[in-house]
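J.: Sharing a structure here in structure tokens format.
The values are calculated or read from the model by the stated rules, or taken from the named source; none is laboratory data. Source: prediction; values computed, not measured. Note that we place each Cβ from the backbone using ideal geometry, even for glycine, and neighbour counts take in every protein chain shown.
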Amino acid sequence: MRFIAAVSMVAIMASCNQKNNPAAIGGIIAKSQQEAVSCGAVCKMPSRVLVINAAQHELVEPAVNKSNNAEMVLIPAGTFEMGTKAFEDSKPLHEVTVNSFWMDEHEVTNAQFEKFIKGTNYITIAERPLNPKDYPGVAADKLVPGSAVFTPPSHSVPLNDAMQWWTYVNAASWKHPKGPNSSIQKKQSEPVVQVCYQDAAAYAKWAGKRLPTEAEWEFAARGNQQHQQYYWGKELKPGGKWAANIFQGNFPDKNTLEDGYKEAAPVKSFPANAFGLYDMDGNVWEWCYDLYRPDYYTASPQNNPTGPKDSYDPEEPGLEKHVQRGGSFLCSDQYCIRYKAGSRGKGETNSAGNNLGFRCVKSI
């Protein structure tokens, strides 16, 4: 998929508005804007085209490795109430039934992803050259392979501009998550990051698996618990202990590290849920199979929903986006609360960041 340059947004927005009839979802858009600072619309990693503009190989078909099914948990079939009343794009609450499936007990790690790379010679999107035709008006010296990296300022900043803490870093990739001077050495058990949707889907295919639908993801994360504020229960700190890797302190400049981690934590650092799944809350956002629309729940089927046929985000109507779930180490009650049960995230298909990963599932 070609990236869409910011300078083309006006024309794209006009065509998308005609196609998707924003009047039908005007209420969602207006209320989402009101939610913005408290993590409604803005608590997302910016799309790749945005961070590139702010900063001014051939795809290898992976072979399927069907033996790579270790560390999966059986999730039994069930029915649950999906969504939350806390956010407009997570309404209405609706009953959903999913078939049983297998799910990775934790996020895909650097060690697991490295096996995939060595076995296929796959090159992630962040490592590939950028086509100047996709970015008209951007200086050629800015069009270098790389990705978005959380770069906290040294002082408090308004929370209505994510570009205050996101930077496009040359050579940032899965093996250099924060740029060329960083590495994954001694971090083999941490979740792989800097992977876009296409990268995650390629890994899943190689492993003989697939990405979870957001219905499967939420059902598994709830662990048969309904009407809880958090996936782990009703209290933010059960027993006085943090149950997930999120941000504590003054976002984005002062992380007090109360949970013990500044960035991604090794998988299994926090307790598993009732199904035996780790890090369904916090740590890194996780890609889901579904395309994103804020109005999808108004027409979602009850049995095994797989998302809408097309993507539409009123904030960036020209970009194809997929659902992300679970929040990350950057979520906090001060800014981003989309780690709470039933809430949704979203991301441009070819964008990545150092707080974004995935896990896989396998149908029975």
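J.: Consider residue 263 against the criteria (1) surrounded by 14 or more Cβ atoms within 10 Å (Cβ to Cβ); (2) within 27 Å of residue 99 (Cβ to Cβ): it satisfies all of them except one. Which criterion is unmet?
T.: Condition (2) is where residue 263 drops out.
J.: Still on this model: Residue 332 - would you say it is under 26 Å from residue 146 (Cβ atoms) and hydroxyl-bearing (Ser, Thr, Tyr)?
T.: Answer is no for this residue.
Okay, residues lined up against (1) within 29 Å of residue 342 (Cα to Cα); (2) touching a strand residue (DSSP E or B) at 6+ places or on another chain (Cβ under 6 Å); (3) at pLDDT below 95:
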{"position": "117", "(1), (2), (3)": "no, no, no"}
{"position": "126", "(1), (2), (3)": "no, yes, no"}
{"position": "130", "(1), (2), (3)": "no, no, yes"}
{"position": "172", "(1), (2), (3)": "no, yes, no"}
{"position": "175", "(1), (2), (3)": "no, no, no"}
{"position": "208", "(1), (2), (3)": "yes, no, no"}
{"position": "216", "(1), (2), (3)": "yes, yes, no"}
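J.: Are there any pairs, at least 6 apart or on different chains, whose C-beta atoms fall under 7 Å, with the first in segment 123-143 and surrounded by 13 or more Cβ atoms within 10 Å (Cβ to Cβ) and the second at pLDDT 85 or above and assigned to a helix (DSSP H, G or I), and if so, which?
T.: Pairs found: 124/199; 125/198; 125/199; 143/132.
J.: Consider only pairs whose beta carbons are under 9 Å apart and that are at least six residues apart or on different chains; among these, list those whose first residue lies in segment 232-247 and is surrounded by 14 or more Cβ atoms within 10 Å (Cβ to Cβ) and whose second residue is among the basic types (Lys, Arg).
T.: 243/237
J.: May I ask you to list the residues in segment 62-80 that are loosely packed, with under 14 Cβ neighbours inside 10 Å and either within 20 Å of residue 225 (Cα to Cα) or at pLDDT 95 or above (or both)?
T.: 74, 76, 77, 79
J.: Still on this structure, I have one more. On the basis of being assigned to a loop (DSSP other than H, G, I, E, B), surrounded by fewer than 21 Cβ atoms within 10 Å (Cβ to Cβ) and basic (Lys, Arg), does residue 362 make the cut?
T.: no
J.: Can you tell me how many residues within segment 266-281 are surrounded by fewer than 16 Cβ atoms within 10 Å (Cβ to Cβ) and either among the basic types (Lys, Arg) or on the phi > 0 side of the Ramachandran plot (or both)?
T.: 2
J.: Here is a list: 258, 263, 316. Which entry is more than 19 Å from the chain's Cα centre (by Cα) and in a loop (DSSP other than H, G, I, E, B)?
T.: Criteria check complete, one pass: 258.
J.: Sticking with this structure for a sec: Looking at 324, 334, can you tell me which residue is in contact with a Leu (Cβ under 9 Å, 6 or more places away or on another chain) and under 22 Å from residue 194 (Cβ atoms)?
T.: 324
J.: Please go through segment 170-214 and give me each residue that is aliphatic (A, V, I, L, M) and part of a loop (DSSP other than H, G, I, E, B), ordered by number.
T.: 171, 172, 184, 192, 193, 195, 207, 211
J.: Test each condition in (1) assigned to a loop (DSSP other than H, G, I, E, B); (2) surrounded by fewer than 24 Cβ atoms within 10 Å (Cβ to Cβ) for residue 327 and report the one that comes out false.
T.: (2)
J.: In addition: Restricting attention to segment 77-100, report how many residues are out of contact with any Asp or Glu (no Cβ under 7 Å at 6 or more places or on another chain) and assigned to a loop (DSSP other than H, G, I, E, B).
T.: Counting residues in segment 77-100 that are out of contact with any Asp or Glu (no Cβ under 7 Å at 6 or more places or on another chain) and assigned to a loop (DSSP other than H, G, I, E, B) gives 9.
J.: Could you grab me the full set of residues in segment 123-133 that are in a loop (DSSP other than H, G, I, E, B) and either among the hydrophobic types (A, V, I, L, M, F, W, C) or touching a helix residue (DSSP H, G or I) at 6+ places or on another chain (Cβ under 6 Å) (or both)?
T.: The answer is 123, 124, 130.
J.: Being touching a Lys or Arg at 6+ places or on another chain (Cβ under 9 Å), of a type outside the set (A, V, I, L, M, F, W, C) and under 22 Å from residue 330 (Cα atoms): is that true of residue 110 here?
T.: Yes.
J.: Hey, another quick one. Please indicate, with yes or no, whether at least one residue in segment 184-192 is out of contact with any helix residue (DSSP H, G or I) (no Cβ under 7 Å at 6 or more places or on another chain) and either at pLDDT below 95 or among the charged types (D, E, K, R) (or both).
T.: Looking for residues that are out of contact with any helix residue (DSSP H, G or I) (no Cβ under 7 Å at 6 or more places or on another chain) and either at pLDDT below 95 or among the charged types (D, E, K, R) (or both), one finds at least one in segment 184-192, hence yes.
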